[in-house]
There are 2 protein chains.
Amino acid sequence: MSISQRVLVIGGVALGPKAACRIKRLDPHADVTVLEATSHFSYGGCGIPYYVSGDVSDIKELSTTSFHVLRDAPFFRDAKGVAILANIRALAINRDKKTVTVRHESSGATEDLPYDKLVIATGASPRRLNAPGEDLPGISAVANLAHAAYIKDMVAAGKVGKAVVVGAGFIGLEMAEAFADMWGIETTVVEFMPQLMPNLVSPGLATMAVQNLEKHGVTMHFGEKVVAFEGDGKLERVVTDKRVIEADLAIVAVGVTPNSELAKAAGLDVAPNGGIVVNEYLQTTDPDIYAGGDCIALPNLLTGQLMHLPMGSMANRQGRIIGDNLAGLQRTFPGAVGSFCVKLFDHALTGTGLCLAGAKRAGYDAVNVHLSQLDRAHFYPSKALMYLDLVVDKATRRVLGIQGFTSQMDAVVGRINVVAGLLPRGLTVDELSNVEMAYSPPFAAAMDILNALANAADNLLAGRHRPVSPDEFGTMWADAEQDGLCFLDVRANPDGVRAVERLKMPNYLAIPQDEIPGRLGELPADKKLVLLCNTGTRAYEAQIMLDQAGRESIAVQGGLASVEKMGVDV
Amino acid sequence: MSISQRVLVIGGVALGPKAACRIKRLDPHADVTVLEATSHFSYGGCGIPYYVSGDVSDIKELSTTSFHVLRDAPFFRDAKGVAILANIRALAINRDKKTVTVRHESSGATEDLPYDKLVIATGASPRRLNAPGEDLPGISAVANLAHAAYIKDMVAAGKVGKAVVVGAGFIGLEMAEAFADMWGIETTVVEFMPQLMPNLVSPGLATMAVQNLEKHGVTMHFGEKVVAFEGDGKLERVVTDKRVIEADLAIVAVGVTPNSELAKAAGLDVAPNGGIVVNEYLQTTDPDIYAGGDCIALPNLLTGQLMHLPMGSMANRQGRIIGDNLAGLQRTFPGAVGSFCVKLFDHALTGTGLCLAGAKRAGYDAVNVHLSQLDRAHFYPSKALMYLDLVVDKATRRVLGIQGFTSQMDAVVGRINVVAGLLPRGLTVDELSNVEMAYSPPFAAAMDILNALANAADNLLAGRHRPVSPDEFGTMWADAEQDGLCFLDVRANPDGVRAVERLKMPNYLAIPQDEIPGRLGELPADKKLVLLCNTGTRAYEAQIMLDQAGRESIAVQGGLASVEKMGVDV
């Protein structure tokens, strides 16, 4: 059989094998070789926390197809027609000669391999803290199967009573859950930033997530820097700028950096964030060289800025597109909006697009709309409250992002995905208000929470609703007796004992919303009214009534449901 | 307080109260009155099956807010500023005088009520079969709280050992589940059409749903017409054109017709389907008269044709838009694509847009792509198979609809909603292939099933994949020894005993996909190969290998997973 083209792929995880198999299906005459520097390839790295937790019982499951066929070299050769060569490290790309210089890690021998088209799928490497003691036994990143085996073996051997996770990003939190939930390890997370996922979610949702992590036994320290690892021949203590934490195991999960050295050395453009620059066809600045996955920089479709989005889902979709384009199709990957989801014990934290801080940083005059609402018909037994943030550009009414936290895990991710699909197309508040969600009581409310969230944004943008966010309320409540404020509880049925306790406060009143017009005289004349109800709906309606009476007020978004979910004791 | 405008609303369920409350919030000076012909208003009619089942314990819960406040007339008056008048029936709309003639049902007195703006929210009425005996005690529709109480009282009193549900639409199936699941009633569903939901899902998904209903004890009869109800003073038997079924209770759930008589008598345009014609502002042909909810005709955004979509979600969203427009905003409701979801015991059946039959009826040269795949990372414990159909226009690659069936209920509805949001914007296969789904192993596969479904469509449209649908395979298998076919099982690990049994068949072969190139000689030269694997993936790859060898084949979409889910014993 004559060869149509020689395709060389550098990197054997996620994107590399995906692109290789796709080109081979489209162009069976292509000669396709994948080079992998280690002995492991085509494994699901995102599954490592679940292997450590025990949800995945055998590490081999991370390297099989969905029907338990091991994705080993013979599998790729016989079922896919792709040669995967392990333990071969690419040392240099020689663009003039169209070869790659490689080293056989077993023998040390080097050779030049020719290509017609090259795919760079070199992935990313875990960042180091560069703290003293970081190489002690008992400290690991979570980046490959060797790390996975090392951690799991320590845990399963009962060697880990206390663990410290450095970094409260996705992997750090997933590892913390694995340790605390399945192994009962005393687990502490140390994060340098002042909140959980500061670039992805609001302080309010972050606080809710922290509450839930702590409820499940994980100790969380924010705004705290790890300065050293200590121990006698193995890790015994993690030292931060605020305390010393005993630990048998430390996970360093402080992000990753793109492996773009090969590309840079070959004269290909690399972005300031370290990712290889590609066009929408995923070609590098050399049109015969494609790149994708964790090693590239990607346009954010909302801001136009380049970002780094190291996720298996990106790698898989990009791999297919590179395969298509290698076969002569003209498929594009224009960028992404940055969707995410993470399971935190019995809750999901998820979002897409920009959070308020991110939107402001990108130059938008944006506002955050927070809503707590039952996620399905209020009379249906399996309902639960869902907590959502919607970030909106004031001038254009364009939706910039949405984030959510709830125990209804698949339901909230489903909502986030709806918005993710529409974000690149310029979704407005008005369109989201009317987006067509499948309805029946076991699945949704008649006015779906996504529609309701957009309606809340509409009311806010129109100035009808002047809210205060639940985290801002938390600050107010901490100094509840300050001058100038009066808390007005407008619920129809305030809970008994606690309501009575609160009513002893000089500036706490309870008047059901429907009685406000007849009881305006009871309101203190000189104070700003802070309106409180269960989830915010009646507070909003009370605000309209008070507007009619010429009284200034602010209404707590999400109501007591959101405030209490944040751990504020009202 | 001076009155800005007099708004009269005819109809006190769903859309009527929603529009009334919204206009009152936007324009507190409006005088807003809602007329309801019965004594019940503002109840969640969609909850009736769950009240009958016992999921909802008190019928009052269907008439409360999410925080247990009864939505009665004083509630609407005090909390919303809206007058709701019960037991007042609108008899005529006098457009010249801008009045509505009403009758007080208690006294029989009539009067004319003036309006500046009128909202018609008259809803829909259940269709009758017009069969002999249809008015016997023990026969009921499921349209209002009186029906709900009647049915629940009979069931709870132990008077129902056997029930017949006429109609396999949403309400019929929900009622069948309520009877069989919670009360152990011997339940039979009789449907005139030859399959379940023929205008909404493919024969394949319909068969899967029927399998699941029958597994849970519901007897299903299709293509069967009810010709009479019989009994001595109360229902005892339902007579069809094929059999006589004993029954203590019969539910007639054969659809609804819009209540458009008032509108028609007033000279407003009414569509051939009986729905009141409205423009995108939800104005009737009289600009001072709005209409929405179950009584209107609605444009299908895919076909441009008028449809009738009697759903609480439509009514709620339209009600808000009517309220907006009454207040002088210019909000539009351009139409819908027709999303739905229904819980059938432990599975969900859901979809949006057109099924293949609907697409063909609308004039599209369309194709259906069927996929079965795990809905999240294959190594994650809570994964399950999801069965999806994607309907695509061949010429334009435009997505026309998607339908799904699975036990992962929220997860599949989430996928459907993503497509529903994008359908009105001209979603193509290529865009769906790259739609950004939030990923982590507890929620999705790295290549989300939506992306995978679009990829399957791409392969099919390109001619790389030449499939046979699982229901067509079912027909082939029923006559498995017919000439000209050879079933080729390409799994790596076919199940033991059954595989051996099958191999006794003269035209059943098992060759793992990766061994095909080396074993071409074993394939019968004169037969068309029908390729089978677990979920269709390896069959597709085998097809590409066989193409290379010049051998004709078809690959079973969804593989054994889909075929067996349909109850075919392979």
Inset, instruction - Report yes if residue A:457 is of a type outside the set (D, E, K, R) and surrounded by fewer than 18 Cβ atoms within 10 Å (Cβ to Cβ), otherwise no. - result: no
Inset, instruction - Those residues that are under 26 Å from the mean Cα position of the chain (by Cα) and outside any loop (DSSP other than H, G, I, E, B), I need them from the stretch B:447-463; list them, please. - result: B:449, B:450, B:451, B:452, B:453, B:454, B:455, B:456, B:457
Inset, instruction - Mind counting the residues in the stretch A:326-365 that are within 25 Å of residue A:46 (Cβ to Cβ) and either assigned by TED's automatic domain parsing to the domain that holds residue A:421 or open to solvent by less than 50 Å² (accessible area, probe 1.4 Å) (or both)? - result: 24
Inset, instruction - Kindly list, by first and then second residue, each pair from a residue in the stretch B:432-446 that is more than 7 Å from chain A (Cβ to nearest Cβ) and at pLDDT 95 or above to a residue that is outside any loop (DSSP other than H, G, I, E, B) and open to solvent by 20 Å² or more (accessible area, probe 1.4 Å), limited to pairs with Cβ atoms under 9 Å and residues at least 6 apart or on different chains. - result: B:445/A:316; B:445/B:373; B:445/B:374
Inset, instruction - Check the stretch B:130-137 and report whether any residue there is open to solvent by less than 30 Å² (accessible area, probe 1.4 Å) and not in a loop (DSSP other than H, G, I, E, B). - result: no
Inset, instruction - Restricting attention to the stretch B:138-179, report how many residues are open to solvent by 20 Å² or more (accessible area, probe 1.4 Å), hydrophobic (A, V, I, L, M, F, W, C) and without any contact (Cβ under 8 Å) to a residue 60 or more places away in the chain. - result: 2
Inset, instruction - Look at the stretch A:211-244 and say how many of its residues are touching a residue at least 24 places away in the same chain (Cβ under 8 Å) and either outside the structural domain of residue A:177 (by TED's automatic domain parsing) or of a type in the set (A, V, I, L, M) (or both). - result: 8
Legend entry - Qualifying residue in the stretch B:325-341 (condition: under 19 Å from residue A:376 (Cβ atoms) and not polar (S, T, N, Q)): yes
Inset, instruction - Could you list all residues from the stretch A:262-292 that are on the phi < 0 side of the Ramachandran plot, surrounded by fewer than 16 Cβ atoms within 10 Å (Cβ to Cβ), more than 25 Å from the chain's Cα centre (by Cα) and touching a residue at least 24 places away in the same chain (Cβ under 8 Å)? - result: A:265, A:288
Legend entry - Whichever residue in the stretch A:375-393 is in contact with a strand residue (DSSP E or B) (Cβ under 6 Å, 6 or more places away or on another chain) and touching a residue at least 40 places away in the same chain (Cβ under 8 Å) and, among such residues, is nearest to residue B:63 (Cα to Cα): A:375
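The values are calculated or read from the model by the stated rules, or taken from the named source; none is laboratory data. What you are looking at is a predicted structure, and each value in this text was computed from that prediction instead of being measured. Here the Cβ is made from the backbone with ideal geometry for all residues, glycine too, and neighbour counts use every protein chain on show. With ligands, DNA and RNA removed, areas are computed over all heavy atoms of the protein, side chains included. Shrake-Rupley method; radii C 1.70, N 1.55, O 1.52, S 1.80 Å.
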